[in-house]
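J.: The structure that follows is given in the form of structure tokens.
We did not get these values from a lab; they are worked out from the coordinates using the rules stated. Here the structure is a predicted model, which means the values were calculated and not measured. For neighbour counting, all protein chains shown are included, and Cβ atoms are generated from backbone atoms with ideal geometry for every residue, glycine included.
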Amino acid sequence: MPFYQMLCITQHLPEYSHIKQLVSLAAKHVMDRGGVVRKLNSWGTMTLPQRMHRRRKWHDVGDYWTMNFDASPKTLHSLDNILKHDPRVIRWTMIKLGEKVEDVVQPPSKTFKS
């Protein structure tokens, strides 16, 4: 299965429960379809590089988070549809990092004994 990284920007609200629900939804969707979630990372709340318009609302601030995962292209397409229709999501992108995790991770260097 190909290895992907997803960056997602969600609308900023005072409580973070909506982000937790969205991350759980995305991770559960990948795992239910045979994928593997390798890493979740929150980048926190940041000012957007420019005002963004989504669902008849303008946004100046967003909450950023990433998810690294293995999934089939079919799962990637269905996850894309979920994010497209979710009102909490401002922007997202998915990048293919490699065909396998081994393509991305460097093997540890060997030590030499004298």
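J.: Out of Leu48, Gly34, Ile19, whose Cα points farthest toward the positive end of the dipole of the chain (charges: +1 Lys, Arg; -1 Asp, Glu; placed on Cβ)?
T.: Ranked along the dipole, the leading option is Leu48.
J.: Computed from the coordinates I sent, volume of the Cα convex hull per residue in Å³ equals one of (i) 137; (ii) 109; (iii) 98. Tell me the label.
T.: (i)
J.: Moving on to the next point. With 18 Å as the limit, write out which pairs from Lys20/Lys74; Lys20/Lys96; Lys57/Lys84; Lys28/Lys74 have Cα-Cα distances beyond it, or answer none.
T.: Flagged as over cut-off: Lys20/Lys74; Lys20/Lys96.
J.: With a cut-off of at most 15 other beta carbons within 10 Å, and DSSP calling the residue loop, which chymotrypsin sites (Phe, Trp or Tyr not before Pro) in the range 1-109 qualify? Please list them.
T.: Answer in residue order: Tyr16.
J.: By the gyration tensor of its Cα atoms, with a ≥ b ≥ c the square roots of the eigenvalues, what is the shape of the range 28-74: rounded for a/c under 1.5, prolate for a/b over b/c, or oblate?
T.: Prolate, because a/c is 1.5 or more and a/b exceeds b/c.
J.: Explain nothing, just compute: Karplus ³J(HN,Hα) = 6.51 cos²θ - 1.76 cosθ + 1.60, θ = phi - 60°, for every residue of the range 49-60 in order, whole Hz, x for Gly and Pro.
T.: Listing the rounded values in order: x, 8, 4, 10, 10, 8, 6, 6, 10, 9, 10, 10 Hz.
J.: Report, to the nearest 10°, how far helix 17-32 tilts away from the longest principal axis of the Cα atoms in the chain, using its own Cα long axis and a range of 0 to 90°.
T.: It is inclined by approximately 50 degrees.
J.: Hey, with R₀ at 30 Å, roughly what FRET efficiency would Glu15 and Ser109 work out to, going by the Cβ-Cβ distance, to 0.05?
T.: Working from the Cβ atoms, E equals 0.10.
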